[in-house]
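K.L.:
I'd like to ask you about the structure that follows.
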Amino acid sequence: MEEIRQEQKERVILIAVAERQEEAEESLDELEELAKTAGAETAARVIQIRETPHPATYIGKGKIDEVNALLYGTDATGVICDDELSPAQIGNLERMLDTKVMDRTLLILDIFAGRAYTKEGNIQVELAQLKYRASKLTGQGTALSRLGGGIGTRGPGEKKLEMDRRLIRRRISHLKAELRDVIRHREVQRKQRQRNHVPVICIVGYTNAGKSTLLNYLTNAGVLEENQLFATLDPTTKSLELGSGQTVLLTDTVGFIRKLPHHLVDAFRSTLEEAKYSDLIFHVVDASNPQKEKHMEVVYETLKQLGAVGSDVITVFNKMDLVEHDMVLKDPKAQMTVKISARTGEGVDELLLAAEELLQKQKLYIEKLYSYSEAGKIQMIRSYGQLKKEEYREDGIYVEAYIPKEILGSV
C-alpha cells in the first residue's frame with residue numbers, strides 16, 4: 001500500500017491571493033517548487049489580485065468558477081493555496097470545488113515529514129503536524145479522516161488523522177514532554193561547549209542556498225546535498241580547525257522560507273535557536289537567485305523572531321560559479337561579506353580568514369610574562385585562544401595572545 005502511495009503523482013492547481021501580480025507570481029514560483037519537492041505536478045496556476053483573501057473561501061466566486069473549469073480541463077487531483085487556510089475556508093472550498101484542498105502550511109509540513117530522520121526531528125515534525133491538524137478540526141467534520149495517498153498523509157499516518165481532539169491533545173502533551181527532554185539534552189551540550197570555550201559558528205540561510213554543501217566542503221560531514229527545497233532537515237554539528245590552529249564548531253540549521261508555518265517555528269525553536277547562542281553566523285545566500293534580497297529579508301526576520309540578533313554575521317554569497325562576477329552584492333546588516341562557491345571551493349579560504357578576524361575581535365588581547373612554574377596557563381591559552389607570540393626569557397615566558405574573556409581570571 002505504501003509503495004502504491006509513493007508512486008501516485010498528484011496534479012495540482014496552485015492558487016495565490018496578493019495585492020500585486022509580481023508578488024503573487026514570485027510566491028507561486030516557490031510554491032511550485034515546494035509542490036515538486038512533495039512529489040506533485042503543477043497543472044495550472046490561478047492568481048487573484050485583492051488586498052486580503054476572502055474570509056470564507058480564500059478566493060472570490062468568479063475565481064472559484066475558473067478553478068472548477070481548470071479542474072475539469074486539466075484532470076487535476078487537488079488545489080494548493082499559497083497561504084494557511086482557516087477550517088471554514090478549507091471546508092467551503094472542498095464543498096464548492098469537490099476536490100482535495102491543501103494550503104502552504106500542510107505542504108511544508110508534508111515535506112518536513114519526509115526529511116526528518118533523527119528522533120528529535122521526528123518529534124518536532126509530528127508535533128507541528130498535530131498542532132496544525134488540531135487547529136483544523138473545528139468545522140471540518142470527517143474531512144481529516146479521508147483516506148488515500150499523496151500530500152498531507154506522510155508523517156503520523158492515517159491513525160493520527162482519525163483521532164479526536166482529546167486524543168490529539170494527549171499526544172501533543174506527550175510529544176512536548178519528549179521534546180523538553182531533547183531540549184534539556186541540547187542545553188547540556190551547549191553549556192559543555194561554553195565551558196570548553198569552543199566558538200560556535202551557525203550556518204543559516206534560505207532553503208536551497210547551499211548551507212549543507214558548505215558544511216560538507218569544510219568538514220566532510222557527508223550531509224545530503226540536493227538541488228531542492230529542504231533537502232536536509234536535521235541539524236548537524238562538526239568541528240573545524242582554522243588556519244591559526246583554533247578549533248570551532250560549525251552547526252548547520254534547517255533552511256528558512258517565506259511564510260514559514262508558525263507551528264514549525266514553535267516545534268523547531270530549540271533547533272533554530274542554535275543561531276541565538278552562536279559566536280558567529282554564516283548567512284548563506286544563493287547569489288544566482290533573482291529573489292536573493294527578499295530571501296535575505298526573510299532570514300533576518302526569522303532570526304529576529306528567534307532573538308538571534310546579537311551575533312556577528314558574515315553574509316556568504318554562494319554559487320558565484322553561476323553568476324557574473326561583476327555583480328554588485330552587498331548586505332548592510334552584516335559585519336562582512338564574502339563571495340564563494342561551496343561547490344568548487346572558490347573563496348572559501350577568504351571566508352575562513354574573515355571568520356578568524358571576527359572571532360579574534362571578540363577576544364581579549366594580552367601581553368604577559370609568566371614564570372616557568374605557570375607554564376600550564378600557556379597551554380590553556382593555546383587550547384582556548386590564539387597564541388601570537390611565545391618567547392622564552394631568563395625570567396619567564398613572554399606571551400602575546402588573544403583569549404576568550406571567560407578565561408581571563410584563569411590565566
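K.L.:
Starting from residues that are over 13 Å from HIS283 (Cβ atoms) and of a type in the set (D, E, K, R), keep the ones in the stretch 323-338 and report whichever is farthest from the chain's Cα centre (by Cα).
P.N.:
Filtering the stretch 323-338 for residues that are over 13 Å from HIS283 (Cβ atoms) and of a type in the set (D, E, K, R), the one farthest from the chain's Cα centre (by Cα) comes out as ASP326.
K.L.:
Same structure again: Assuming TYR117 fulfils every condition listed in (1) aromatic (Phe, Trp, Tyr); (2) open to solvent by 10 Å² or more (accessible area, probe 1.4 Å); (3) in a helix (DSSP H, G or I) apart from one, which condition is it?
P.N.:
If we test TYR117 against (1) aromatic (Phe, Trp, Tyr); (2) open to solvent by 10 Å² or more (accessible area, probe 1.4 Å); (3) in a helix (DSSP H, G or I), just (3) comes out false.
K.L.:
Another question, then. Can you find a residue in the stretch 345-356 that is under 30 Å from ASN208 (Cα atoms), touching a Ser or Thr at 6+ places or on another chain (Cβ under 7 Å) and in a helix (DSSP H, G or I)?
P.N.:
yes
K.L.:
Looking at the stretch 56-79, can you tell me whether even one residue there is under 27 Å from the mean Cα position of the chain (by Cα) and either farther than 26 Å from SER135 by Cβ or at pLDDT 95 or above (or both)?
P.N.:
Looking only at the stretch 56-79, we keep the residues that are under 27 Å from the mean Cα position of the chain (by Cα), and these are 79.
After this cut, where a residue has to be either farther than 26 Å from SER135 by Cβ or at pLDDT 95 or above (or both) as well, the list is 79.
Within the stretch 56-79, one or more residues are under 27 Å from the mean Cα position of the chain (by Cα) and either farther than 26 Å from SER135 by Cβ or at pLDDT 95 or above (or both).
K.L.:
Can you find even one residue in the stretch 329-336 that is open to solvent by less than 60 Å² (accessible area, probe 1.4 Å) and part of a helix (DSSP H, G or I)?
P.N.:
The first filter runs over the stretch 329-336 and keeps only residues open to solvent by less than 60 Å² (accessible area, probe 1.4 Å), leaving 329, 331, 334, 336.
Remaining after also requiring part of a helix (DSSP H, G or I): none.
No, that holds for no residue.
K.L.:
Restricted to the stretch 238-252, and to residues that are in a loop (DSSP other than H, G, I, E, B) and at pLDDT 80 or above, which residue is most open to solvent (accessible area, probe 1.4 Å)?
P.N.:
Selected residue: GLY243.
K.L.:
Follow-up. Could you please find all residues in the stretch 390-411 being more than 20 Å from HIS197 (Cα to Cα) and outside any strand (DSSP E or B)?
P.N.:
Across the stretch 390-411, the qualifying residues are GLU394, ASP395.
K.L.:
Could you grab the pairs with beta carbons closer than 9 Å, sequence gap of 6+ or different chains, first residue in the stretch 297-315 and crowded, with 19+ Cβ neighbours inside 10 Å and modelled with pLDDT under 90, second one of a type in the set (Phe, Trp, Tyr) and not in a strand (DSSP E or B)?
P.N.:
ALA308/TYR277; SER311/TYR277
K.L.:
While we're here: Taking only the stretch 82-114 into account, find how many residues are crowded, with 19+ Cβ neighbours inside 10 Å, polar (S, T, N, Q) and closer than 22 Å to LYS259 by Cα.
P.N.:
Residues in the stretch 82-114 being crowded, with 19+ Cβ neighbours inside 10 Å, polar (S, T, N, Q) and closer than 22 Å to LYS259 by Cα: 2 in total.
K.L.:
Go through (1) buried (at least 19 other Cβ atoms within 10 Å of the Cβ); (2) in contact (Cβ under 8 Å) with a residue 60 or more places away in the chain; (3) on the phi < 0 side of the Ramachandran plot one by one and return the number of the condition LYS319 breaks.
P.N.:
Only one criterion in (1) buried (at least 19 other Cβ atoms within 10 Å of the Cβ); (2) in contact (Cβ under 8 Å) with a residue 60 or more places away in the chain; (3) on the phi < 0 side of the Ramachandran plot is unmet by LYS319, namely (3).
K.L.:
Follow-up. Please work out which residue is modelled with the highest pLDDT, limiting yourself to the stretch 259-296 and to residues that are open to solvent by 40 Å² or more (accessible area, probe 1.4 Å) and within 19 Å of THR105 (Cβ to Cβ).
P.N.:
LYS259
K.L.:
Please state which of the following conditions SER135 fails to meet, knowing it meets all the rest: (1) part of a loop (DSSP other than H, G, I, E, B); (2) modelled with pLDDT under 85.
P.N.:
(1)
K.L.:
So in the stretch 390-403, with the set limited to residues that are within 41 Å of the chain's Cα centre (by Cα) and open to solvent by 10 Å² or more (accessible area, probe 1.4 Å), which one is nearest to VAL248 (Cα to Cα)?
P.N.:
Selected residue: TYR402.
K.L.:
What are the residue pairs meeting all of these: first residue in the stretch 42-60, first residue under 16 Å from GLY78 (Cα atoms), second residue of a type in the set (Lys, Arg) and assigned to a strand (DSSP E or B), Cβ atoms under 7 Å, and 6 or more apart or on different chains?
P.N.:
From the stretch 42-60, the pairs are ALA43/ARG11.
K.L.:
So THR344 passes all but one of these: (1) out of contact with any Leu (no Cβ under 8 Å at 6 or more places or on another chain); (2) in contact (Cβ under 8 Å) with a residue 40 or more places away in the chain; (3) open to solvent by 40 Å² or more (accessible area, probe 1.4 Å). Which condition number does it fail?
P.N.:
(2)
K.L.:
Acidic (Asp, Glu), over 24 Å from GLU30 (Cβ atoms) and in contact with a helix residue (DSSP H, G or I) (Cβ under 6 Å, 6 or more places away or on another chain): does that describe ASP349?
P.N.:
no
K.L.:
Pairs only if they're at least six apart or on different chains, beta carbon under 8 angstrom, first in the stretch 171-186 and within 25 Å of THR251 (Cβ to Cβ) and modelled with pLDDT of 85 or more, second open to solvent by less than 40 Å² (accessible area, probe 1.4 Å) and in a helix (DSSP H, G or I); list them, first residue then second.
P.N.:
Hits for this filter: LEU175/ILE123; LEU175/GLU126; LEU175/LEU127; LEU175/LEU130; LYS176/LEU127; GLU178/ILE123.
Let's see how each residue does on (1) touching an Asp or Glu at 6+ places or on another chain (Cβ under 7 Å); (2) closer than 22 Å to ASP110 by Cβ; (3) open to solvent by less than 70 Å² (accessible area, probe 1.4 Å); (4) in contact (Cβ under 8 Å) with a residue 24 or more places away in the chain:
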position	(1), (2), (3), (4)
LYS9	yes, yes, no, yes
GLU23	no, no, no, no
LEU31	yes, yes, yes, yes
ALA35	no, yes, yes, yes
GLY78	yes, yes, yes, yes
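K.L.:
Consider ARG45 carefully, then state whether it is in contact with an Asp or Glu (Cβ under 9 Å, 6 or more places away or on another chain), open to solvent by 60 Å² or more (accessible area, probe 1.4 Å) and modelled with pLDDT of 95 or more.
P.N.:
Criteria met by ARG45.
K.L.:
For the stretch 358-389, give me each residue that is assigned to a strand (DSSP E or B), open to solvent by 40 Å² or more (accessible area, probe 1.4 Å) and under 19 Å from GLY245 (Cβ atoms).
P.N.:
Those that are assigned to a strand (DSSP E or B), open to solvent by 40 Å² or more (accessible area, probe 1.4 Å) and under 19 Å from GLY245 (Cβ atoms): LEU364, TYR365, LEU387, LYS388, LYS389.
The values are calculated or read from the model by the stated rules, or taken from the named source; none is laboratory data. It should be emphasised that the depicted structure is a prediction, and the values quoted were computed from it without experimental measurement. Cβ atoms come from the backbone with ideal geometry, glycine included; neighbour counts cover every protein chain shown. What goes into the accessible areas is simple: the full protein's heavy atoms, side chains included, and nothing from ligands, DNA or RNA. Shrake-Rupley method; radii C 1.70, N 1.55, O 1.52, S 1.80 Å.
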